Amino acid sequence: MADITLLYVAPGAGDAGSGGGVPDALRRAADLEVRVAGALSAARDQFDGAIDCVVTAYELPDGTGIDLLAHVRETAPDCPCVLYDDVDPGTIDTGDVEGEIIEYIPRGSGDGERLASVVRDLVANRMQVAYPLPHDEDERLTALARYDPDDLSVTEAFDRLADLAVEHFGGRVAFVGLVDEREERFVACQGTDWERLDRQDTICTHTILEEDLMVVENVQEDPRFASAERLVELDIRSYAGATLTTPAGQTIGTFCLVDDEPRAYSERERTYLRLLADEAAEQLELRRRLVEAERGTESGRTESETEGGREGES
Amino acid sequence: MYGFDSGLDLQPVSPGTSVVITGPAMSGLTELTLRLLACGDREGLIVLSTDDPADEVIANYERRDGRFDHGRMAVVDCGKARETTSEDGNVRSVTSPTDLTGLGIQFTSLYEELYRGGIDAVRVGVLSVSSLLLYAKEFRNVYRFLHTMTGRIRSADGLGVFALDPSSHDDRAVQSIVQTFDARIELRETDGGREFRVRGLAEQPEDWRSYEPVAPG
């Protein structure tokens, strides 16, 4: 199975008899699965959550690579994009997306080996994300995977803790969130029904770089978040988040309070929030041990059944 | 390794490193940044200038380091019509510091040209991150831009030197942006002159060290 799924977009790409127009190095690479599109509209149709990187020509029959960049940033904002063309960079019209980033690799006469190398770097090093990354991000994500986040929403203990927080602080929303590679998933949420947010739209992705907790008394006055439209849409005007840390020291999520008006948090309130976060982290740890013990039992049972079967055969 | 002029008490740093220099813009921030960008004979250079026109950057650079070699050195400035402004294509412009898309395209295309020209050690300077933050429509776009640059510098074994004047920004924003880099050099002015100290680089002096400026700026 390929490590990276790539969307390659160029006029004529995919046409029969031309090898699809895809550079040889991309077609040869065992670690790359290449999907192709010959136009902007086809690229939009093909672009989904499985795509790890987009490589596009500038001029497309029904638009430009910059138009595709705008679509990618709206749909899957962390996905890296590359312009692969020989057009003079100075003539590229960046139009309405002049804050977004796309790499430029000259097509030249090579077989695309350099392009393949840049694509691997972009994906592996998450080079086009729009938020700060912890220095131990890979280890952090590995740790998070051990807590089985796909199934965590069934855990009622987190709902009770979030409920307690809303009652105690009198705020609008309390939640337990796990910060995954591309999104934050809410495993408990009281006061609203959020399920997930793109990571770049969350304050929590900044909180996980803190040692303890982060308070933003007025989101609109904090330059890091003042221009974030999604926070305005969700009516998040103040925020307090405490980190959820594993026994090994990896921060995998946050316990948070948000309100629809600016507010401050006293030392006592911060201490209480810390307590709630510690309790949530302990619940996560207990649950991880339980799940691993169950898996161990099942795996042991399977092994003994297999061995029993073999004995029966002999 | 990337070395520095002997007037600075700095040990060479490893390829792939990106350093932010923080200090007052009017007290030698540009001067110190350009000194760290002074290239060896076989190194390449790309400077992104948000405030000063390219010819001024080149004049400043030459005042400290001798010749600006167009065969392996390039400048992208902001504020002119987007067009190639030199015959060799190594002096370029984007319309404004808000056009991070254009800056990113010019930066990566120049890096690729140096790479294809066989230059595998490249120093990259940004003068300055402060202006990018001031002009950016969204703060997070600056993150994405800086991640792209530091990521490219890391994977291509380059050296990044980024100038930032903290006094122009909210402390929270500065702390957050500084986390993007591998190391920080703090600059300050004292009664007797100028001093710097290093944070985050192995085998470098962490205490304040004085140095002599080589030219105003």
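Nothing in this text is a laboratory measurement; each read-out follows from the coordinates by a stated rule. Just so we're clear, the structure is a prediction, and the values are computed from it rather than from any experiment. Using ideal geometry, Cβ is built from the backbone for each residue, glycine included, and neighbour counts are taken over all protein chains shown.
Shape class of the stretch B:17-200 from the alpha-carbon gyration tensor: rounded, with the ratio a/c of largest to smallest axis under 1.5. Amide H to amide H, with H built 1.01 Å from N, B:S93 comes under 5 Å of B:D77, B:E83, B:T85, counting only residues 5 or more places away or on other chains. Assign one of three labels to chain A, namely rounded, prolate or oblate, based on the Cα gyration tensor with a ≥ b ≥ c the square roots of its eigenvalues; rounded applies when a/c is under 1.5, prolate when it is not and a/b is larger than b/c, and oblate otherwise. It comes out oblate by the Cα gyration axes.
Against the main long axis of the alpha-carbon atoms of chain A, helix A:113-124 sits at an angle near 10°. Seen against the Cα atoms of chain A and their longest principal axis, helix A:156-169 is set at about 70 degrees. DSSP beta bridges fully contained in the protein assembly as shown are about 45 percent antiparallel. With the highest mean first, a sort of the peptides A:259-266, A:156-163, B:15-22 on other beta-carbon atoms found within 10 angstrom per residue produces B:15-22, A:156-163, A:259-266.
DSSP assigns beta bridges within the stretch B:11-121; of those with both partners inside it, close to 10 percent run antiparallel. Sorted largest first, the spans of the alpha carbon positions of the stretch A:4-124 along the three principal axes are 36, 27, 25 Å. Helical content alone sets the calculated 222 nm signal of chain B at -10000 deg cm²/dmol, taking -39,500 (n - 2.57) per DSSP H segment of four or more residues and averaging over every residue. For the stretch A:102-152, the extents of the C-alpha atoms along the principal axes are 50, 21, 17 Å, listed from largest to smallest. Reported to the nearest whole Å, the Cα centre-to-centre distance from the stretch B:168-217 to the stretch A:73-141 is 30. Taking a ≥ b ≥ c as the square roots of the eigenvalues of the Cα gyration tensor, an a/c ratio of 1.5 or more together with a/b larger than b/c marks the stretch A:137-301 as prolate.
Beta-bridge orientation, the stretch B:17-200: approximately 20 percent antiparallel, per DSSP, counting only bridges with both partners inside. Only helices enter the 222 nm calculation for chain A: every DSSP H run of n ≥ 4 contributes -39,500 (n - 2.57), and dividing by all residues gives -11500 deg cm²/dmol, rounded to 500.
Angle of helix A:65-75 to the longest C-alpha principal axis of chain A, folded into 0 to 90 degrees and rounded to 10: 20°. Of all the options A:I92, A:I51, A:I102, the one that moves most in a Gaussian network model of chain A with Cα springs shorter than 10 angstrom is A:I92.
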